[in-house]
Amino acid sequence: MLSFDIRHRQGDFTLAVAARIGPGLTALSGPSGSGKTTILKIVAGLIRPQAGQVRYAETVFVDSTQGLWLPPHQRRCGMVFQEARLFPHLTVRQNLLYGAWFRRVRGGQADLAGADLAGIVELLGLDALLNRRPANLSGGEAQRVALGRALLAKPRLLLMDEPLAALDAARKADILPYLEKIRDTAQVPILYVSHAQAEIERLASRILKLEEGRFIV
Amino acid sequence: MDQLVAFFDLSEAEWVAVGLSLRIAAVATLCSLPLGVIVALALARGRFWGRGLLDGLVHLPLILPPVVTGYLLLILFGRRGVLGEPLDQIFGVTLAFRWTGAALACAVMGFPLMVRSMRLSIEAVDRRLEDAAATLGAGPVWVFFTVTLPLCLPGFLAGMVLSFAKAMGEFGATITFVSNIPGETQTLASAIYGFLQVPGGDGPAVRLVVLSVILSMGALLASELLSQRARRRQS
């Protein structure tokens, strides 16, 4: 269970949101500039909120009243961005194993059923890509690798920031089934940012609507 | 061909100058490397008071007359210098009129070129990749060594080559700080200068000039190739 209660100001935009996010896929929807991505970045630890708390189960990610702050690399939040953000100097296989390596260093237990390399390669159909470089991948292929890379780090929750927005309709249709598989096999809460209504209706088990930095009911 | 070989049939003193130049340039480049990386990182990423001042200080040797830089080194690191005296008395390290002093002068003169090249390559790194690495469990030091550094490597190498090339050609600051002592501080450039000061020295001077041009061109070409690779890698 992820819970947050945050206030964050950026210029004349104020984000003030609180929610508890359980298993399944929770979609954050709303117009651009409504603060969706900011919420994800605060949960991942890429932005430090000015005030509030974020916690996952017993672990405090941030608590401004106690001055607590857990840096992003200790949070184990798998994040998939709009752009794949693959490491250009590594092969697809090395990209996939990047997070897994740090996971092993810290002696983690498997939180994700079948989340080993073979399983992920099978799940996302990456077999033919393993020895290629990110520069030689299509947008859809790169995004599938990015998904696999996030899953192999065995995250305790998955954050997806418009993972399909940069792809054309055909590629979106290719990846949607994979996202459904991940939603149904991963035992972790997924926070999914999108403003595409069709995508949300197909994937989400719960929808949080955001407008001008606030949740609306 | 035979003529070419005969042309480069250098005397022992000339070989000593070439060898000394290479050694001084290598030591200058390698010793300034750690500080170069730190300063380049600070200038590219740091937000601190005095950043502009540091930037100016690093670039100063590029615009000061080399003789001024050499004189400042003499004041600071000479036997009776502000830093030179304690170095000499406490650590037994003498820089003035030694090849190590020549290496210091070359390091200072090449430093702006090294830092500039490194800084540009750090600034060109996509910070979003570093964010992605952090969410995958990599702490700041690991992010630097597994993402930032590999992406900057061609730029770092280019900076080292430039610093090396500058050191090979350095003259003004070196001769002011450590003079022109054969076998100790007489580099390629100061040997050429020495030959030009004596009657009949034109022949050996021309040989060394050609050698100097070849070495410098080689270094510049290597630097250009490396930065081209850097651009390709980041695209």
Return one number: the angle in degrees, 0 to 90 and rounded to the nearest 10, between the long axis of the Cα atoms of helix B:66-77 and the longest principal axis of the Cα atoms of chain B. 80
For the full complex of protein chains and a 1.4 angstrom probe, list A:Lys154, A:Lys209 by accessible area with the highest value first. A:Lys209, A:Lys154
Among B:Phe48, B:Phe111, B:Phe77, residue whose mean-square fluctuation peaks in a GNM of chain B (springs only between Cα atoms under 10 Å): B:Phe48
Projected onto the charge dipole of the range B:2-234 (unit charges on the beta-carbon of Lys, Arg, Asp and Glu, signs +1, +1, -1, -1), the Cα from B:Gly101, B:Ala191, B:Leu120 with the largest positive-side position is that of B:Leu120
Find the accessible area per residue for chain B; the probe is 1.4 Å, ligands and nucleic acids are left out, and the unit is Å². 51
Highest-fluctuation residue, B:Ala124, B:Ala17, B:Ala173 considered, GNM on chain B with Cα pairs under 10 Å: B:Ala124
Mean residue ellipticity at 222 nm from the helices of chain A, using -39,500 (n - 2.57) per DSSP H segment of n ≥ 4 over the full residue count, to the nearest 500 deg cm²/dmol? -10000 deg cm²/dmol
Angle between the Cα long axis of helix B:99-123 and the longest principal axis of chain B, 0 to 90 degrees, nearest 10? 30
Kindly rank A:142-152, B:135-145, B:211-221 from highest to lowest mean number of other beta carbons found within 10 Å of each residue. A:142-152, B:135-145, B:211-221
Within the accessible area of chain B, what % is carbon and sulfur when the probe is 1.4 Å and the other protein chains stay in place? 69
For the interface of A with B, what's the total buried accessible surface in square angstrom, probe 1.4 angstrom, rounded to the nearest hundred? 1700
Cross-link partners of A:Lys172 among lysines (Cα-Cα below 21 Å; sequence separation of 8 or more within a chain): A:Lys36, A:Lys181
On a 0 to 90 degree scale, rounded to 10, what angle separates helix A:139-152 from the longest Cα axis of chain A? 70
Using Cα-Cα distances under 8 Å and only pairs 6 or more residues apart, what relative contact order does chain B have, in percent? 29
Counting only the heavy atoms of the protein chains, how much of A:Glu211 is accessible to a 1.4 Å probe, in Å² to the nearest 10? 100
Probe 1.4 Å, all protein chains present, accessible-area order of B:Cys31, B:Cys106, largest first: B:Cys31, B:Cys106
At 7 Å along Cα-to-Cβ for each site, give me the label-to-label distance between A:Ser3 and B:Ala13 in nm. 8.6
The answer for the per residue Cα convex hull volume of the range A:2-216, in Å³, is 123
So how strong a dipole does the range A:2-216 carry about its Cα centre when Lys and Arg Cβ are +1 and Asp and Glu Cβ are -1, to the nearest 20 debye? 560
Ordering B:Glu130, B:Glu224 by accessible area with a probe of 1.4 Å, largest first, what comes out? B:Glu224, B:Glu130
Please give the Cα centre distance for the range A:61-77 versus the range A:173-209, rounded to the nearest Å. 26
Add -39500 (n - 2.57) for each DSSP H run of 4 or more in chain B, then divide by its residues: what number comes out at 222 nm, to the nearest 500 deg cm²/dmol? -24500 deg cm²/dmol
Choose one answer from A:Ala100, A:Ala44, A:Ala19: the residue with the largest mean-square fluctuation in a GNM of chain A with alpha-carbon springs under 10 Å. A:Ala19
Given a Förster distance of 41 Å, the FRET efficiency implied by the Cβ-Cβ spacing of B:Leu83 and A:Trp101, rounded to the nearest 0.05, works out to 0.35
Using 7 Å Cα-to-Cβ label points, what is the A:Ala165/A:Val217 separation (nm, one decimal)? 2.8
Quick check: at a probe of 1.4 Å, how many percent of the accessible area of the range A:113-217 sits on carbon and sulfur atoms? 48
Given contacts defined as C-alpha pairs under 8 Å and at least six residues apart, what's the relative contact order of the range A:2-216, whole-number percent? 34
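The values are calculated or read from the model by the stated rules, or taken from the named source; none is laboratory data. Keep in mind that what you see is a predicted model, and the values were worked out from it rather than measured. When we count neighbours, we look across all protein chains shown, and the Cβ atoms used for this are built from the backbone with ideal geometry, even at glycine. Surface areas here come from the heavy atoms of the whole protein model, side chains and all, with no ligands, DNA or RNA. Shrake-Rupley method; radii C 1.70, N 1.55, O 1.52, S 1.80 Å.
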